[in-house]
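Colleague: Please read through the structure below; I'll follow up with questions.
Quick note: the coordinates plus some simple rules give every number you see, no bench work behind them. Predicted model only: the values in this text are computed from it and were never measured. We place every Cβ from the backbone using ideal geometry, glycine too, and count neighbours over all the protein chains shown.
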Amino acid sequence: MTSKNARRSAPAAGSCRITVCRGCCCGDARKVPGVDHAGQIARLRAALDGAAPVRASDCLDVCEQANVMVVQPSPAGRAAGGRPVWLGLVNDDGALADIAAWVRAGGPGVAEPPGVLDLYGFTVSRRVGKALED
């Protein structure tokens, strides 16, 4: 039997995916002090309320942007032209809430991100971007 909470936490089919860097610098209190790194992924998952899976990754090789998250579009978003969106310096719960709201609305290619996320977005080299897609 599946509980109500288990059903809610299961990602929607065809949803966006979020990758959270937890390598050498991201998630490290010495690099980014004053952030509850251990609770950040749990808070993001709670804010998404099952709308998308969140996974932790080893170093994504953009340490100067710690903490880094990548929002990958859903199949519908990719078909509409959406591409992975790299977000850096995601170190506060307000940013997590904005990311979650955008993903719940459809994410890249489907919904416009809240304007404040422009402050977090950055472009990675092809080599780094390719490594995440492999």
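Colleague: Quick one: 3J(HN,Hα) in Hz for the range 56-73, Karplus 6.51/-1.76/1.60 with θ = phi - 60°, rounded, Gly and Pro as x.
Modeller: 8, 10, 5, 3, 8, 6, 9, 4, 5, 9, 3, 8, 10, 9, 10, 9, 9, x
Colleague: In debye to the nearest 20, how big a dipole does the chain give about its Cα centre with +1 on each Lys and Arg Cβ and -1 on each Asp and Glu Cβ? Spell out each step's value before the answer.
Modeller: On the way: 16 positive and 13 negative charges, 101 e Å.
In total the dipole reaches around 480 debye.
Colleague: Continuing with this model, one more query. Remind me, relative contact order of the chain in percent, using alpha carbon pairs under 8 angstrom and six or more residues apart?
Modeller: Answer for the chain is 26 percent.
Colleague: Still on this structure, please answer the following. Take the eigenvalues of the Cα gyration tensor for the chain, scale each by 5, and report the square roots as semi-axes in whole Å, largest first. Write down the numbers at each step before the final one.
Modeller: Working: eigenvalues 96, 71, 38 Å².
Equivalent-ellipsoid dimensions as semi-axes: 22, 19, 14 Å.
Colleague: With r defined as the distance between the Cβ atoms of Ala38 and Glu112 and R0 fixed at 30 Å, what FRET efficiency is calculated, to the nearest 0.05? The partial results should precede the final answer.
Modeller: On the way: r = 32 Å, r/R0 = 1.05.
Calculated transfer efficiency: 0.40.
Colleague: Restricting to the chain, compute how many DSSP beta bridges are antiparallel as a %, nearest 5. Walk me through the numbers before you get to the answer.
Modeller: On the way: 9 of 13 bridges.
Once the DSSP bridges in the chain are tallied, antiparallel ones form about 70 percent.
Colleague: In whole Hz, what ³J(HN,Hα) sequence does the range 87-92 give by Karplus (6.51, -1.76, 1.60; θ = phi - 60°), x for Gly and Pro?
Modeller: Values per residue, Gly and Pro as x: 10, x, 6, 7, 10, 9 Hz.
Colleague: Taking amide hydrogens as modeled 1.01 Å from N in the peptide plane, which residues meet the under 5 Å criterion relative to Arg17, leaving out close sequence neighbours?
Modeller: Amide H to amide H, under 5 Å and 5 or more residues apart or across chains, Arg17 pairs with Gln72.
Colleague: If each DSSP helix of 4+ residues adds -39,500 (n - 2.57) and the sum is divided by the residues in the chain, what number results at 222 nm, nearest 500 deg cm²/dmol? Before the final figure, lay out each step's value.
Modeller: Details: 5 runs with 44 residues, N = 134.
One gets -9000 deg cm²/dmol as the mean residue ellipticity at 222 nm.
Colleague: Mind ranking 91-103, 23-35, 50-62, 112-124 by how tightly packed they are, going by the mean number of other C-beta atoms within 10 angstrom, highest first? Present the calculation step by step, with values, prior to reporting the outcome.
Modeller: Working: 91-103: 18.7, 23-35: 15.1, 50-62: 16.9, 112-124: 13.2.
Top of the packing list down: 91-103, 50-62, 23-35, 112-124.
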